[in-house]
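Enquirer: Structure provided below as structure tokens; questions to follow.
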4 protein chains.
Amino acid sequence: MPDLATFLPRLDAGMREDPSWGEVASYIPELARIDPEQFAIAVASADGALYQAGDADVPFSVQSVTKVFTLAIALGRSGDQLWTRVGREPSGRAFNSIVQLEQEEGRPRNPFINAGAIVTTDEVLAGRPPSVALAEIVQFVRAAAEDDEIHINDAVAASETAYGHRNFALAHFLAAYDNLRNPPEMTLGTYFHHCALEMTTAQLALAGRFLVDAPGLPRLVSRSRIRRLNALMLTCGHYDGSGDFAYRVGLPGKSGVGGGILAIVPGRASIAVWSPGLNQYGNSLKGTEALARLARAMDWSIF
Amino acid sequence: MPDLATFLPRLDAGMREDPSWGEVASYIPELARIDPEQFAIAVASADGALYQAGDADVPFSVQSVTKVFTLAIALGRSGDQLWTRVGREPSGRAFNSIVQLEQEEGRPRNPFINAGAIVTTDEVLAGRPPSVALAEIVQFVRAAAEDDEIHINDAVAASETAYGHRNFALAHFLAAYDNLRNPPEMTLGTYFHHCALEMTTAQLALAGRFLVDAPGLPRLVSRSRIRRLNALMLTCGHYDGSGDFAYRVGLPGKSGVGGGILAIVPGRASIAVWSPGLNQYGNSLKGTEALARLARAMDWSIF
Amino acid sequence: MPDLATFLPRLDAGMREDPSWGEVASYIPELARIDPEQFAIAVASADGALYQAGDADVPFSVQSVTKVFTLAIALGRSGDQLWTRVGREPSGRAFNSIVQLEQEEGRPRNPFINAGAIVTTDEVLAGRPPSVALAEIVQFVRAAAEDDEIHINDAVAASETAYGHRNFALAHFLAAYDNLRNPPEMTLGTYFHHCALEMTTAQLALAGRFLVDAPGLPRLVSRSRIRRLNALMLTCGHYDGSGDFAYRVGLPGKSGVGGGILAIVPGRASIAVWSPGLNQYGNSLKGTEALARLARAMDWSIF
Amino acid sequence: MPDLATFLPRLDAGMREDPSWGEVASYIPELARIDPEQFAIAVASADGALYQAGDADVPFSVQSVTKVFTLAIALGRSGDQLWTRVGREPSGRAFNSIVQLEQEEGRPRNPFINAGAIVTTDEVLAGRPPSVALAEIVQFVRAAAEDDEIHINDAVAASETAYGHRNFALAHFLAAYDNLRNPPEMTLGTYFHHCALEMTTAQLALAGRFLVDAPGLPRLVSRSRIRRLNALMLTCGHYDGSGDFAYRVGLPGKSGVGGGILAIVPGRASIAVWSPGLNQYGNSLKGTEALARLARAMDWSIF
């Protein structure tokens, strides 16, 4: 098994060889103008060390990766009652599909597709002002990363709001099925803001340590909940590319449209990768490939 | 961590306490007349031991559990080329749905839904007489279990054929999309027969050892293929209840409508459970619960 | 063929015999509290006469029946260009389904399902203030009916807005596909208001005369457009019950969830019926039956 | 209004001007090799005259146009009970879609999509040998056309069988839902044979007269049934292009993949057109256009 301190720079160099970087997300200007030719990887290991390579200190928009943190908070607030409002099954659909929502009468398939994350955000909001709920979310992420510099990019949040017609449609649809407890605008405002969290790849790897379950790492949720969050990440964390990710990488992971992916090696490490170009499923093209190479080299597949 | 020799009988006793046994599959008489109030568990551990409790010596129809063995053989014959004909994503649908097949133009979502298993059977058949392909499948299972007594129940196969209109529809639909290389009747005949394999719970646990990846156990496929088979079992092995199984049990597994489930603890053990009553997803009700309890007690979740 | 002056009262009496009145729409309080045991019929014949029976002078909310008037205005403003934004095919779905909208990438199947009517409203709005567009719609209806008393019920419009999450979802979804030219709230405000038009059954029969194509009746659109509007009413006017209505009644018609139906006998008559109780498709139960009886008695089927 | 004897040749000449003839159906060799550059029109008027132009004496495969005759026979045998097995609503889907069949649990949307026509064929078969049922169908068509030369093309029927995987899938799917009373192979054999009926355009116009409802024309079904058959043809006769056909032509009609269309002007005429090239919906491209021109010129729209 290779040494991480020497392997990561080699992996970084290898990833920059292939000239195909994928397409960056283009639905909001703030993401569309990101230079696709960037790559970063960081590994926070169970022994407390942090290894990193590439553009690991460049902040990026974590987007859907925050759905893991929001879900952890929602489960902490509501426990298994959350599952009356949202399912735990892979969707077999695009991340922002509304079809399944109608077929399943307003209960999203899982907390990681947009509709499901709007529901978990609504659960976290719980009638409080958005600023209070957002403070709780940011505080959770900061505690996980042990870094108080992490913050929300307001320009990105504003842009999401301006171009968020599909998410407005999802939220109103949930409301039509009585599966929204706060006004759609309020829940969506909170949702758009926590998706606009900005972190460096190194910060994200650190923030993911609460899912590793190892002594000495920040412990924010119980052991059994860690396992369940990891199980959900494995079956549903990459939208309609979740099966492919499990097959190729073999680790629980959650991707964001900003090009970041958080992956967990239970008991061993939290990994973050970032490269803004996306593959056909909307997940980071080079990020996925880098995780496959790292997992193979380190023999880290959970299977 | 408890000792298996004492824990399994306790688990068996515990499982018999709850009077809800679920409903047996009723689509063919051979399955409909099975007494639902049966339960068995067997664990083949990496050190070569076999532990068992309950009705572990009663033979039952393994049904879709054979899809794991057929997939292993198909991958051995065709390698990654198989994936041009079938996908690797959870289906988000019932096991025998034809809707997705039309939406995805004849390429089944994964090898564990019926349409996908018909394709892998077609790949194994490869123009040979069904008897030759079936002999290969049976031989693979016997080698895995190290037990030459394992055989196909012809009455069950005949009954599947007689009541198999939906599978005939799937096969003809695949043919309409040019995704069947042998005549539908021939591929289906082979499919119905390997689904009619009969094993005891103990035999099934032994047959699953080729997926454990431990020295001393029968090795029939490469290490990287083992990991990928386990990944597919985790994301797709329980139809539209796969997410729930991963969440509750945390192990790769494959269920059959006969009430059997094969689950793998990578590097540690192969587990078989059997109880003919099914839950809402068509997976063994008590079998799933028993696996959840065993995995928790032994701390065997892969997450 | 019977005489209308004597037939309509007999029909009215006959319709009151059957104690099954259907269920009134319950999604807004203004409709939910309507007494279902009401029935009215009115026929404006090509010779200028008006026949009526039952509660034909009770005003009711015409709801989706206004989609015919709005479509006529939109076609008058934009001509065939309208069809780039909305189709002309029966939907095979419920009136407020969002599934088809995703499958067809934001182009509603026809102008009579909600999504399609939101698009035609958006076309009529055309950047003008809602009050101006609404004035045009009301003016068109008044001219058709030759009755300046027809007006919009603001309480109903307000209630539609308050309970309109599904329509908000449709409008935002259209916007996400760039098929909305005005802000969703503005188009929807206009839509909710014209759906809240209130007429008596007699007024509605008179308003429908512009679709009869007979000398002496108000002529608001060209002859070829009349035929096309009637064709659309026949194939799409009763949501997923359009085929059944054509089969049983044999006349172009448009129903509203308030229990009104406008039906046209080309060259001969405009018919309005009203009874607030609905059948399984969301169309007036007794209204449909009364039209079937009237068309049969008068030999008015177009087939 | 123009005189038919002079108008039809002019129409024929006009139709041959446009060099776009559409694509012929290619799923069986017998249809794929037809020369697309053919056009014919024939009108059998209520007064007993027959007008024709173009290739009106060239026999062609009527294909789905026979579904009208089979439906008439099935209704004659079973009456309204047929509607327990098949619906009366436009499908909003392609003619051979299997998706809707699963969503509606084995009850086809209408008798003119393939699945629905297989059900009506099954109803006509009614346990009798296929040859007897086919003799009844052929006899009905011959009586309608008053022409005993009309026959089935066995080569086409054989080819349909050889390439009919999708129809086999539909039939087995119906059987899986207990909506087939005869063995799938037997019902399909009958279905493939009646679809292989061969007629000239002139013969088809004559055969359609039983739907005109005029004195002196062959009367094979009751007046109320004629109206209902015409209503079904209007709402469902052109698959997912039915709304467009109603909008453009304004007449009940039924198309076949061989390029033929039968259209009815109630009380006035039976029209047949034929041109093998198809439009995007699978209906004759020039045939549809010719009907639109004829209906406009003769003022024959029913709307």
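The values are calculated or read from the model by the stated rules, or taken from the named source; none is laboratory data. Bear in mind that the values here come from a model prediction, so they are computed numbers and not experimental data. Cβ placement follows ideal geometry from the backbone for every residue including glycine, while neighbour counts extend to all protein chains displayed.
Enquirer: List every residue pair whose Cβ atoms sit under 7 Å apart, with the two residues 6 or more apart in sequence or on different chains, where the first one lies in region A:233-245 and is within 13 Å of residue A:287 (Cβ to Cβ) and the second, anywhere, is among the polar types (S, T, N, Q) and assigned to a helix (DSSP H, G or I).
Expert: A:245/A:288
Enquirer: Those residues that are more than 12 Å from chain A (Cβ to nearest Cβ) and not basic (Lys, Arg), I need them from region B:254-266; list them, please. Talk me through it step by step, then tell me what you get.
Expert: Going through region B:254-266, the residues more than 12 Å from chain A (Cβ to nearest Cβ) turn out to be B:254-263.
Within region B:254-266, B:255, B:256, B:257, B:258, B:259, B:260, B:261, B:262, B:263 meet the criteria.
Enquirer: Report yes if some residue within region D:12-26 is out of contact with any helix residue (DSSP H, G or I) (no Cβ under 6 Å at 6 or more places or on another chain), closer than 24 Å to residue D:267 by Cα and of a type in the set (A, V, I, L, M); otherwise report no.
Expert: No, that holds for no residue.
Enquirer: Same structure, new question: Can you confirm whether residue C:243 is surrounded by 24 or more Cβ atoms within 10 Å (Cβ to Cβ) and out of contact with any Pro (no Cβ under 9 Å at 6 or more places or on another chain)? Please lay out each step first, then the result.
Expert: On the way: surrounded by 24 or more Cβ atoms within 10 Å (Cβ to Cβ): yes; out of contact with any Pro (no Cβ under 9 Å at 6 or more places or on another chain): no.
Against the criterion (surrounded by 24 or more Cβ atoms within 10 Å (Cβ to Cβ) and out of contact with any Pro (no Cβ under 9 Å at 6 or more places or on another chain)), residue C:243 does not qualify.
Enquirer: When only residues in region A:172-195 that are facing another protein chain (nearest Cβ under 9 Å) and buried (at least 21 other Cβ atoms within 10 Å of the Cβ) count, which is farthest from residue A:258 (Cα to Cα)?
Expert: Among those residues, the one meeting the criterion is A:176.
Enquirer: To continue, here is another question. Only residues that are touching a Lys or Arg at 6+ places or on another chain (Cβ under 9 Å) and part of a helix (DSSP H, G or I): list them for region C:10-26, please. Reasoning before the result, please.
Expert: Of region C:10-26, the ones touching a Lys or Arg at 6+ places or on another chain (Cβ under 9 Å) are C:11, C:14-16, C:18, C:20-22, C:24.
Correct list: C:11, C:14, C:15, C:16.
Enquirer: If residue D:292 satisfies all but one of (1) surrounded by fewer than 24 Cβ atoms within 10 Å (Cβ to Cβ); (2) without any contact (Cβ under 8 Å) to a residue 40 or more places away in the chain, what's the number of the condition it fails?
Expert: For residue D:292, the exception is condition (2).
Enquirer: Go through (1) more than 13 Å from every other protein chain (Cβ to nearest Cβ); (2) part of a helix (DSSP H, G or I); (3) over 17 Å from residue C:51 (Cα atoms) for residue C:290 and report which single condition fails.
Expert: (3)
Enquirer: Check off (1) surrounded by 22 or more Cβ atoms within 10 Å (Cβ to Cβ); (2) touching a Phe, Trp or Tyr at 6+ places or on another chain (Cβ under 7 Å) for residue D:16 and give me the number that stays unchecked.
Expert: Condition not satisfied by residue D:16: (1).
Enquirer: Let me ask you something else. Select from region D:88-126 the residues that are over 16 Å from residue C:244 (Cβ atoms) and of a type in the set (Phe, Trp, Tyr) and list them in ascending order.
Expert: Hit for region D:88-126 is D:95, nothing else.
Enquirer: Name the residue that is farthest from residue B:50 (Cα to Cα), counting only residues in region B:208-228 that are within 14 Å of chain A (Cβ to nearest Cβ), outside any helix (DSSP H, G or I) and touching a residue at least 24 places away in the same chain (Cβ under 8 Å).
Expert: That would be B:221.
Enquirer: Let me ask something else about it. Which numbered condition in (1) modelled with pLDDT of 95 or more; (2) within 14 Å of chain C (Cβ to nearest Cβ); (3) surrounded by fewer than 24 Cβ atoms within 10 Å (Cβ to Cβ) is the only one that residue D:270 fails?
Expert: Looking at each condition in turn, residue D:270 falls short on (3).
Enquirer: Go over the candidates A:43, A:65, A:58 one by one and state the one that is modelled with pLDDT of 95 or more and in a strand (DSSP E or B). If you could, list the steps in order and put the result at the bottom.
Expert: Numbers: A:65 fails: in a strand (DSSP E or B); A:58 fails: in a strand (DSSP E or B).
Just a single option satisfies the conditions, and that option is A:43.
Enquirer: From the list C:270, C:301, exactly one residue is out of contact with any Phe, Trp or Tyr (no Cβ under 8 Å at 6 or more places or on another chain), farther than 27 Å from residue C:27 by Cβ and part of a strand (DSSP E or B). Which is it? So that I can check it myself, show each step before the final result.
Expert: Numbers: C:301 fails: part of a strand (DSSP E or B).
Just one listed residue meets the conditions, C:270.
Enquirer: Still on this structure, please answer the following. Out of all the residues in region C:47-70, which are crowded, with 18+ Cβ neighbours inside 10 Å, of a type in the set (A, V, I, L, M, F, W, C) and touching a Leu at 6+ places or on another chain (Cβ under 7 Å)?
Expert: Result: C:53, C:62, C:65, C:68.
Enquirer: So which residues in region C:45-97 are touching a Phe, Trp or Tyr at 6+ places or on another chain (Cβ under 9 Å), within 14 Å of chain D (Cβ to nearest Cβ) and among the polar types (S, T, N, Q), if there are any at all?
Expert: Across region C:45-97, the qualifying residue is only C:91.
Enquirer: Mind checking which residues of region C:172-202 are without any contact (Cβ under 8 Å) to a residue 24 or more places away in the chain and assigned to a helix (DSSP H, G or I)? Outline the logic, then answer.
Expert: Residues of region C:172-202 that are without any contact (Cβ under 8 Å) to a residue 24 or more places away in the chain, as a first pass: C:172, C:175, C:183-185.
Of everything in region C:172-202, those that are without any contact (Cβ under 8 Å) to a residue 24 or more places away in the chain and assigned to a helix (DSSP H, G or I) turn out to be C:172, C:175, C:184, C:185.
Enquirer: Same structure, new question: Within the group B:278, B:285, B:262, which residue is within 18 Å of residue B:42 (Cα to Cα) and in contact with a helix residue (DSSP H, G or I) (Cβ under 8 Å, 6 or more places away or on another chain)? Walk me through it before giving the result.
Expert: Details: B:278 fails: within 18 Å of residue B:42 (Cα to Cα); B:285 fails: in contact with a helix residue (DSSP H, G or I) (Cβ under 8 Å, 6 or more places away or on another chain).
None of the others qualify; the one that does is B:262.
Enquirer: I'd like to check something: does region C:235-251 contain any residue that is under 26 Å from residue C:139 (Cβ atoms) and part of a loop (DSSP other than H, G, I, E, B)? Break it down stepwise before answering.
Expert: So the first thing to find is which residues in region C:235-251 are under 26 Å from residue C:139 (Cβ atoms), and the list is C:236-237.
Filter once more, so that each one left must be part of a loop (DSSP other than H, G, I, E, B): C:237.
So far as region C:235-251 goes, yes, one or more of its residues are under 26 Å from residue C:139 (Cβ atoms) and part of a loop (DSSP other than H, G, I, E, B).
Enquirer: Being away from every other protein chain (no Cβ under 11 Å), modelled with pLDDT of 95 or more and either in a strand (DSSP E or B) or in contact with a Pro (Cβ under 6 Å, 6 or more places away or on another chain) (or both), is that true of even one residue in region A:278-285?
Expert: Checked region A:278-285: at least one residue is away from every other protein chain (no Cβ under 11 Å), modelled with pLDDT of 95 or more and either in a strand (DSSP E or B) or in contact with a Pro (Cβ under 6 Å, 6 or more places away or on another chain) (or both).
Enquirer: If residue A:38 meets every condition in (1) at pLDDT 95 or above; (2) surrounded by fewer than 14 Cβ atoms within 10 Å (Cβ to Cβ); (3) not in a helix (DSSP H, G or I) apart from one, which number is that one?
Expert: Condition not satisfied by residue A:38: (2).
Enquirer: Any idea which residue in region D:232-248 is farthest from the other protein chains (Cβ to nearest Cβ), counting only those that are in contact with a helix residue (DSSP H, G or I) (Cβ under 8 Å, 6 or more places away or on another chain) and farther than 17 Å from residue D:64 by Cα?
Expert: D:248
Enquirer: Quick check on region D:19-35: of everything there that is surrounded by 13 or more Cβ atoms within 10 Å (Cβ to Cβ) and of a type in the set (D, E, K, R), which residue is farthest from residue D:9 (Cα to Cα)?
Expert: D:30
Enquirer: Right, here's the next one. Look through C:214, C:207, C:175, C:171 and report the one residue that is in contact with a helix residue (DSSP H, G or I) (Cβ under 6 Å, 6 or more places away or on another chain) and closer than 30 Å to residue D:292 by Cα. Steps first, answer last, please.
Expert: On the way: C:214 fails: in contact with a helix residue (DSSP H, G or I) (Cβ under 6 Å, 6 or more places away or on another chain); C:175 fails: closer than 30 Å to residue D:292 by Cα; C:171 fails: closer than 30 Å to residue D:292 by Cα.
On inspection, the qualifying residue turns out to be C:207.
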